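Structure first, then comments.
The values are calculated or read from the model by the stated rules, or taken from the named source; none is laboratory data. Fair warning: this is a prediction, and the values are worked out from it, not measured in the lab. Here Cβ is always computed from backbone atoms with ideal geometry, including for glycine, and neighbour counts include all displayed protein chains. When the accessible area is computed, the model is the full protein with side chains, heavy atoms only, and any ligands, DNA or RNA have been set aside. Shrake-Rupley method; radii C 1.70, N 1.55, O 1.52, S 1.80 Å.
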Amino acid sequence: MRICIVVEGCYPYAVGGVSSWVHGLIHSFPEYEFVIQTIIPNRSTRGKFMYQLPDNVTEVYELYLEDVDWGWRWQKRMSHREFSALRSLMLDQRIDWETVIDYLQQSGRSLNKLLMGEDFLHAVQDFYQLHYSQVVFSDFLWMMRSIYLPLFRTLKTKLPRADLYHCLSTGYAGVLGSMGKYLYGSPMMISEHGIYTREREEELVKAKWVQGLYKNVWIDQFKKMSRLAYERADLVTCLYEHARVLQIELDCPEHKTLVTPNGIQADNFQNLPGKTPEDEGWINIGAVLRINAIKDVKTMIQAFSAAQEREPALKLWIMGPWEENDLYAKECFELAEDLKLDNVVFTGRINVREYLGRMDMTILTSISEGQPLTILESFAAHKPVIATDVGNCRGLIEGEEDGIGPAGLVTHIMNQEEIAQAMLDLAHHPDKRMQMGENGYRRVMARYRMDQMLDTYRRIYRDFEERRNESNP
């Protein structure tokens, strides 16, 4: 069976999180052929892979959302049916996705000609007059062009043929999977690690590059794409029950949903090297992450500064790459320097197994997460975790009625005082720290092992394969 993995903004260009999950999944099923359809902003990262691709990956296709075609060749006007489909998409009224796809899949279509043409202008005018006539039309028109360029670029993509489209999110990835199902008749599944629509909504609410009611138009656009993906998917998985509830609230049919928790190779985190002479007298806090804004490393550093004033033995190890966002990383380095924090160590990319055994606890201060692998790895190493109340962090730390007990402490996002107090609480109560670490180990072994996750996906893939064989005897 040939499986097309559709990913946006992660594998194989960035390490950790979803990328690690994808890499491990492909490695674990050598009997299947995989092709990768990636979605990235532009050509600046073209071919810059952070992973050695497994042998069963035969092709990688790249879609650049910011690409434009500068051709101004003549292009005839849309037919009545094609214009009606474009208008239905813009007004979100019984969207005729098939006609829009057929139109953009035709060779020779110029996106520039479409976006600057009369048909697009008239559709925007209808939308504007119905909902947004209080704003300046010229600004609104250019905003609509910026919204529809990446979507039309996606719909224009020549998608590789596959027996199954496995999308790692809704959004543009879900649109591509839906196209594959329509164009080639192949089934489609979605495995959401975070709820894409909610994540984009949170980003847009905080964004400075888009103002006022334009935020609503962008948010509605992502909701349209997610509804398409949920509607066309044969199966939609997520990592925990609350995420499944959110998917259903976003119009995913309940019968398609399935909770499939993350899993790790817990044995890899047994018998780790312990503390070294360098660690003598220190209480080590480890943060295993990519240094970027969504991990809110600045709040972590500021909270640590407050905590170490009351407990000088604390030492913070920030372990992970920073190349993904050089500017934010530079701001973090400067913050630690301005606060005169000699006991904050930035290690860069490391083998986490060489450091995790030295830690007394780990910490994650993200403003958005799904079901973080770093928490599960900490549990496998018998380490308690401090984490913000995002994604499934609370469920992992406090348990979901498993009777095991807490495996760390949960705080509110961006709350420096709470995070600092959590560091002090675990630092000053070693017995509590040890018990929470053991609770975490019991939890990960009971429910979050790699073999359990792979068994689930083996059944899913086999089910799709059997259905394919039945339809093609």
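Taking 22 Å as the straight-line reach from the Cα of K224, the lysines in range (excluding those fewer than 8 positions away in the same chain) are K156, K158, K181, K206, K215, K256. Charged side chains reduced to their Cβ positions (Lys and Arg at +1, Asp and Glu at -1) give segment 268-426 a dipole of some 320 debye around its Cα centre.
Please give the charge dipole size of the chain, origin at the Cα centre, charges +1 on K and R Cβ atoms and -1 on D and E Cβ atoms. Round to the nearest 20 debye.
On the way: 53 positive and 66 negative charges, 285 e Å.
That gives the chain a dipole magnitude of about 1360 debye.
For segment 407-473, rounded, prolate or oblate, judged on the Cα gyration tensor with a ≥ b ≥ c (square roots of eigenvalues), a/c < 1.5 rounded, else prolate if a/b > b/c?
Numbers: a/c = 9.30, a/b = 2.79, b/c = 3.33.
In terms of gyration-tensor shape, oblate.
When DSSP beta bridges are restricted to pairs lying wholly in the chain, around 0% turn out antiparallel.
Among 371-381, 150-160, 214-224, how do they line up from the highest to the lowest mean number of other beta-carbon atoms within 10 Å?
Working: 371-381: 25.5, 150-160: 19.6, 214-224: 17.6.
Most protected by this proxy first, the peptides run 371-381, 150-160, 214-224.
For the pair segment 159-213 and segment 264-331, the centres of their Cα atoms are 32 angstrom apart.
Net length available on complete extension from D338 to N216 is 40.1 nm, with 0.36 nm assigned per residue and the Cα-Cα distance removed.
For the chain, the convex hull spanned by the alpha carbon atoms encloses 159 Å³ per residue. On a 19 Å Cα-Cα criterion, which of the cross-link pairs K48/K208; K298/K340; K76/K113; K275/K383 come out too long? Violating the 19 Å limit, Cα to Cα: K48/K208. Hydrophobic long helices, here whole DSSP H runs in the chain with Kyte-Doolittle means of at least -0.5 and Cα atoms spread over 15 Å or more along the helix axis, are found at 17-28, 80-91, 118-131, 137-156, 171-184, 297-310, 326-338, 416-428. Annotation: peptides 351-361, 38-48, ranked by per-residue average of other Cβ atoms within 10 Å with the highest first, follow the order 351-361, 38-48.
Considering only L289, M189, A387, the residue lying farthest towards the positive end of the dipole of the chain is M189, judged by Cα position with unit charges set on Cβ. Other residues with beta-carbon under 14 Å from the beta-carbon of I190 carry, at +1 per Lys or Arg and -1 per Asp or Glu, a net charge of 0. How large a share of the accessible area of the chain, in percent, is made up of carbon and sulfur atoms when the probe is 1.4 Å and the other protein chains stay in place? That share works out to 50 percent. Local charge for S378 was computed over the other residues whose Cβ lies under 13 Å away, with Lys and Arg +1 and Asp and Glu -1, and equals +2. Accessible area of D389 (1.4 Å probe, protein heavy atoms only, ligands and nucleic acids ignored): about 60 Å². Sorted largest first by accessible area at a 1.4 angstrom probe radius, with every protein chain in place, the residues H122, H131 fall in the order H131, H122. Take every pair of alpha-carbon atoms less than 8 Å apart whose residues are at least six positions apart; their mean separation over the length of segment 391-456 yields a relative contact order of 31 percent.
What shape does segment 258-377 take by its C-alpha gyration tensor, where a ≥ b ≥ c are the square roots of the eigenvalues and a/c under 1.5 counts as rounded, a/b above b/c as prolate, and the rest as oblate? Since a/c reaches 1.5 but b/c is at least a/b, the shape of segment 258-377 is classed as oblate.
Shape call for segment 256-319 from the C-alpha gyration tensor, a ≥ b ≥ c root eigenvalues: rounded (a/c under 1.5), prolate (a/b greater than b/c) or oblate? Let's see the in-between values first.
Numbers: a/c = 3.04, a/b = 1.38, b/c = 2.21.
It comes out oblate by the Cα gyration axes.
At a probe radius of 1.4 angstrom, the accessible area of the chain per residue rounds to 44 square angstrom.
Counting only other residues whose beta carbon sits under 12 Å from that of D234, what net charge do I get with K and R as +1, D and E as -1? Don't skip to the end; give the middle numbers.
On the way: positive: K181, R232, K256, R467, R468; negative: E231, D463.
Its environment carries a net charge of +3.
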